[in-house]
Amino acid sequence: MAEIHKTGNETLLERTQIVQILTWSSDGKLFGMDVAECREIVKDKKITTVPHSADTVLGIVNLRGEVVTVLDLSRLLGYKSSGDIEKAVLIRLKASSQQISVKADTVFDVIDARESEFEPPPSNLTDMESRFISSVLLTDKGLAVILNSKELVKP
């Protein structure tokens, strides 16, 4: 995308990278992720709990013949989770080695954001939060926590 600025008699063409961000809420928090890192959005899938799994894993689902792990972002970031998985929407991530999805309560929309609009995450984050949060973005729904999908899919 390009933006045209006029200064006096000159016209300057400033190139600005646009990133499309998928936004959603989970446990009352607003999250976002580069849409290029999202494979699909799935509604109304039954999540099967897995005994003795990590507390950040809600369970597994069968998506088109593949077993996909469902992560709970709130627990992953160290927050309290509602634990409500009956109304969950799943955002399946693109990953070459693992099949991972994250739980969302509501998926909002895809917004266009300039790279210059992203702010660094606060410096007072915990180590766990710093690992998974790449930036923050002010949206019309509030301040969205932009996730680092590459860290989410790491074993």
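Bear in mind that the values in this text are calculations on the coordinates, not laboratory data. Since the structure is predicted, the reported quantities are computational estimates derived from the model, not experimental observations. For neighbour counting, all protein chains shown are included, and Cβ atoms are generated from backbone atoms with ideal geometry for every residue, glycine included.
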Only helices counted: for the chain, with every DSSP H run of 4 or more residues adding -39500 (n - 2.57) and the sum spread over all residues, [θ] at 222 nm is -1500 deg cm²/dmol
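If you put +1 on each Lys and Arg Cβ and -1 on each Asp and Glu Cβ, how big is the dipole of the stretch 2-152 around its Cα centre, in Debye rounded to 20?
Numbers: 18 positive and 23 negative charges, 108 e Å.
With only Lys, Arg, Asp and Glu charged at Cβ, the dipole is about 520 debye.
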Theoretical gain in end-to-end length, VAL110 to GLU151 [0.36 nm per residue, Cα-Cα removed]: 12.6 nm
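Once you keep just the Cα pairs under 8 angstrom separated by 6 or more residues, what percentage relative contact order results for the stretch 2-152?
With pairs under 8 Å counted, the relative contact order is 26 percent.
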Charge dipole (debye, nearest 20) of the stretch 84-155; +1 at Cβ of Lys and Arg, -1 at Cβ of Asp and Glu: 380
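Within a 10 angstrom radius of the beta carbon, how do THR48, THR69 rank from fewest other beta carbons to most? Intermediate results must be reported in sequence, preceding the final value.
Numbers: THR48 12, THR69 19.
So the ranking, lowest neighbour count to highest, is THR48, THR69.
Considering only the other residues whose Cβ falls under 11 Å of the Cβ of THR56, what net charge follows from Lys and Arg at +1 and Asp and Glu at -1?
On the way: positive: ARG75, LYS103; negative: ASP55, ASP72.
Charge balance near THR56 sits at 0.
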Which FRET efficiency value, to the nearest 0.05, do you get for THR49 and LEU125 by plugging their Cβ-Cβ distance into 1/(1 + (r/R0)^6) with R0 = 25 Å? 0.30
Positive-end extreme of charge dipole, the stretch 2-152 - chosen from ILE18, ILE111, SER81 (charges on Cβ): SER81
Taking Cα Rg over 2.2 N^0.38 Å straight from the coordinates, which label in (i) 1.05; (ii) 1.26; (iii) 1.18 is the correct one? (iii)
Pairwise centroid distance, computed over Cα atoms, of the stretch 16-63 with the stretch 120-155, Å: 14
Take MET33, MET128 and order them by how many other Cβ atoms sit within 10 Å, fewest up front. MET128, MET33
Starting at the first residue of the stretch 123-140, write each ³J(HN,Hα) from the Karplus equation 6.51 cos²θ - 1.76 cosθ + 1.60 with θ = phi - 60°, in whole Hz, x for Gly and Pro. 6, 9, 6, 6, 4, 5, 4, 4, 5, 9, 9, 8, 6, 10, 9, 7, 10, 5
